[in-house]
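First the structure, in the form of structure tokens, and then the observations on it.
The values are calculated or read from the model by the stated rules, or taken from the named source; none is laboratory data. Quick caveat, the model's predicted, so the values are computed rather than measured. All Cβ positions, glycine included, derive from the backbone under ideal geometry; neighbour counts span all protein chains shown. Surface accessibility is based on the protein's heavy atoms, side chains included, excluding ligands, DNA and RNA. Shrake-Rupley method; radii C 1.70, N 1.55, O 1.52, S 1.80 Å.
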Amino acid sequence: MRASTYPLVDAEEAAALVLDHTPVLPKERVAIGDAVGRVLAQDLIAPAELPAFATSAVDGFAVRAADAGAMLRVVGESAAGRPFAGGVKPGTAARILTGGVLPDGADTVVMVEDVRLAGESVTVPRDLRSGNNFHRPGADVKAGELVLRAGAQLGAAELGLAAALGLAEVDVHRRPRVALMSTGDELVEVGRKPGPGQITDSNRWALLAALREAAVDVRVLGIGPDEATALRRLVVEALDAADVLVTSGGVSVGTHDLIKPLLEALGTVHVGRVKLKPGKPFTFATLPSGKLAFGLPGFPVSSLVTFEVFVRPALRKLQGFERLQRPTLPVRLGYDARATADRTEYQRVTLRREGAELVAETTGSQSSSRLLSLAGAHAWVRIAAGDEGLKAGTIVEAMILVLP
Ligand code: AMP
Ligand code: MG
């Protein structure tokens, strides 16, 4: 073993350092069918108004409000996509169907339920009001209106809107390409029986899932060895095609822990130790190309916690998101949360509703090897370093993963 030469950085400071070195990826033009979940890299300005013309909201008759109470002659029909070529003059009406263009001369639509039909004439109610039952041109969107700002995430409504405006393609931020590697000579592929002293590589699957949830392109590199030359070859090759490298394991100060010296040889290590529990050996480096390398600790919980605290916000920044952090909500602690003297701790909790409140209970032992402390957690509670901790009943802002 050797003592680490890296200064212990505050967790918040380390997170800020990571983001300072993280760029926003450039834009690319994609078909709207491929844009779900992506972040707009342009303001979307409406090229035309919506609706483009006055359309009926109901099935009925297009008439003049001035003809209220009269028996009118039906002179034609306006169906969706098949407008009536004529107009509506005093004493006449045109049958109209939902989505049909309001004919010239008409200023209101009467629902079919509200009229009396007799042959080719229709009697309309006495209380007609101009402007009823049709959508005015431009009522939903004005031409030239800013409908979506750069930075908006494209979901169902946003993509429907783009399509309605006739935009088949949009500019979005490029998706980060991430190379993922587990390291450690003790690791075997899942499904293979571990030999003496061996364990299954579980971090790969946990981190792969976390990366997929973050909607990035992932290339899995498999298991890297605890041998400097081979490891370096794998890392250099991976970074050739990726924007980001995420490794797990090999960042403590054991003689087999090769990631820190390797990243130091390839680029600049900005963070080598963090006042964070779990996750103290977390390492962050940049390469001369500007690419990012995250050396996550090997313990399964440590790797996922440091992913959440450092990697996920960086991936969101690369993707063009404005909000990089999870949302928070005030929750009442249902247990005494003890603090660690010198490290910020993220304790995993389940939430339950009590009236208008959310009450947090611990998921049990928060050991850095116990994935069950993360499985099923609704939220994370940040406990600042210090020896006081937080008593049951205290209200704290919790980072919300999912609400119960
Ligand atoms: P390290 O950071 O390499 O010293 O690893 C710390 C601990 O995490 C050791 O007990 C490793 O066996 C364990 N570990 C490292 N990598 C993985 C992995 N990919 N899956 C599960 N456990 C791991
Ligand atoms: Mg190791």
Place a point 7 Å from the Cα of Asp20 along the Cα-to-Cβ direction; which residues of the range 258-286 have their backbone N under 17 Å from it?
268-275, 283-286
Among Pro194, Pro125, Pro23, which one moves the most in a GNM of the chain with springs linking Cα atoms closer than 10 Å?
Pro125
Note down the accessible area of Lys27, probe 1.4 Å, to the nearest 10 Å².
120
Simple label model, 7 Å out from Cα along Cβ direction - Arg136 to Glu213, nm
4.7
R0 = 22 Å: FRET efficiency of Arg332 with Glu388, Cβ-based, nearest 0.05?
0.80
With θ set to phi - 60° and the Karplus curve 6.51 cos²θ - 1.76 cosθ + 1.60, what are the ³J(HN,Hα) couplings of the range 65-77 in order, to the nearest whole Hz, using x for Gly and Pro?
4, 5, 8, 3, x, 8, 8, 10, 8, 7, 9, x, 9
Taking θ as phi - 60°, what are the ³J(HN,Hα) couplings along the range 310-320 by the Karplus curve (6.51, -1.76, 1.60), each to the nearest whole Hz, with x for Gly and Pro?
10, 7, 4, x, 5, 5, 5, 5, 4, 7, x
Vicinal HN-Hα couplings computed from phi for the range 380-395 (Karplus, 6.51 cos²θ - 1.76 cosθ + 1.60; Hz; Gly/Pro x)
10, 10, 8, 10, 5, 4, x, 9, 8, x, 10, 7, 3, x, 5, 8
Between Arg353 and Ser369, how many nm apart are label points set 7 Å from Cα along the C-beta direction?
3.9
Taking springs between alpha-carbon atoms closer than 10 angstrom, which of Ala341, Ala238, Ala293 fluctuates most in the Gaussian network model of the chain?
Ala341
For Ile96, enumerate residues with amide H under 5 Å from its amide H, sequence gap 5+ or separate chain, H modeled in the peptide plane.
Gly60, Phe61, Ala62, Ser78
Extension reserve of the Asp185-Val253 stretch, reckoned as 0.36 nm per residue once the Cα distance is removed
22.9 nm
Any chance you could look up the accessible area of Phe299 with a 1.4 Å probe, heavy atoms only, rounded to 10 Å²?
120
In Å², nearest 10: area of Phe307 left accessible to a 1.4 Å probe
10
Regression test value, accessible area per residue of the chain, probe 1.4 Å, units Å², expected 48
For the range 224-291: rounded, prolate or oblate by the Cα gyration tensor [a/c cutoff 1.5]
oblate
Where in the range 176-253 are there trypsin sites (Lys or Arg not before Pro) that are in a DSSP coil and have at most 15 other Cβ atoms within 10 angstrom of their Cβ?
Arg192
Grab the Cα-Cα distance for Ile395 and Ala31, subtract it from 0.36 nm times how many residues apart they are, and report the gain in nm with one decimal.
126.5 nm
Would the range 289-360 count as rounded, prolate or oblate if I go by the C-alpha gyration tensor, calling it rounded below 1.5 in a/c and otherwise prolate when a/b exceeds b/c, oblate otherwise?
oblate
To check you understand DSSP bridge types, tell me what percent of the beta bridges within the chain (both residues inside) are antiparallel, rounded to 5.
65
Between Ser121 and Glu361, what length in nm is gained on full extension when 0.36 nm per residue of separation is reduced by their alpha carbon distance?
79.3 nm
Suppose we keep just the DSSP beta bridges with both residues in the range 226-349; what percent of those would be antiparallel, to 5?
50
Residues whose built amide H sits under 5 Å from the amide H of Ala48, excluding neighbours closer than 5 in sequence, are Gly144
Of all DSSP beta bridges with both partners in the range 268-404, the antiparallel percent, nearest 5, is 85
